[in-house]
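Structure, as structure tokens:
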Amino acid sequence: MRASTLVFGAATLAGCVAFPFATPPAQVEIGVGPRAVDAPEDPAPAPAPPPTSPLPGVPFAPRAVAPQEPRGTSDTPVEVHAGIAPLGFAEALLDRRADVVVGYVYQGGSLARVHGAYLHGDGVLGMFPVGGSAIARVGLRVELRMIGEEDTRRLGRGVAAGGFAELSTFTFGPFGSSDRSGGAVGVAYGEGGIGVSALGHYAQIDEITLSGFSVALALRLPMTLGLVYKWGLPGGSKKSKSKSSSESEEEETPKPAVPHTPRR
């Protein structure tokens, strides 16, 4: 916190643009896997009336129409989870046997794009200490989803289940980075780690059925509190440019010659 106070004081004296920020303990996952899409076919258009020839007595030869390609039934979507993990806030809960995460899920593929809210619960089957402060967990996961199809008002429900494995540790300390234009300082507190998960999922949205399997990389992020800043006042560069241009004009302007008076 002392570093944040010093930066804020320096920003006030030197002049800069600064924004405070705060993030909760979170879990982010990015995965991919095969998915089957069962959707009703679009209704066939009504048959057009038979064409007539513009010339009487001359038969009309209709053009050949290419057959319609069949609609695909499977794709490989990318699945993204971003949620809040409240139990990752306390160091005393590092060896917990259960976990809860609530957040947002997006699943986008070539045949269907769905998104919505999710709530998943983890049950830890085994824990193993790693080093002096880290711990490895292996367990099962069940996830409930309330999702809808993108760009439509269709809503549905879904479920996912599978397993996970992760390596976590508790973090408490300052962080910061800076360059000539600005930087960020703050403090991190909470659980951080990395892991993998493998889930089978199923969803029903009106008449559309989605089912598949995905493997994801997971990151646990601690709570953060800090300040992002950018040095320099707006318009400062313009002033310096105008000043330098005026100085260059003065240097380039030739001085009038002084007439020489000969001595008698």
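Data overview
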quantity: Single condition residue 126 does not satisfy, out of (1) modelled with pLDDT of 90 or more; (2) exposed (fewer than 15 other Cβ atoms within 10 Å of the Cβ); (3) under 24 Å from residue 24 (Cβ atoms); (4) not hydrophobic (A, V, I, L, M, F, W, C); calculated: (3)
quantity: Lone unmet requirement of (1) surrounded by 19 or more Cβ atoms within 10 Å (Cβ to Cβ); (2) closer than 19 Å to residue 35 by Cβ for residue 144; calculated: (1)
quantity: Conditions (1) under 25 Å from residue 224 (Cα atoms); (2) touching a residue at least 24 places away in the same chain (Cβ under 8 Å); number of the one not met by residue 127; calculated: (1)
quantity: Residues of segment 143-189 classified as not in a strand (DSSP E or B) and not polar (S, T, N, Q), total; calculated: 6
quantity: Matching residues in segment 110-137 - criterion: being in contact with a strand residue (DSSP E or B) (Cβ under 6 Å, 6 or more places away or on another chain), of a type outside the set (Val, Ile, Thr), more than 19 Å from residue 99 (Cα to Cα) and part of a strand (DSSP E or B); calculated: 115, 116
quantity: Matching option when the condition is more than 25 Å from the chain's Cα centre (by Cα) and not aliphatic (A, V, I, L, M), among 175, 164, 128; calculated: 128
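The values are calculated or read from the model by the stated rules, or taken from the named source; none is laboratory data. All of these numbers come straight from a predicted model, not from anything done at the bench. Here the Cβ is made from the backbone with ideal geometry for all residues, glycine too, and neighbour counts use every protein chain on show.
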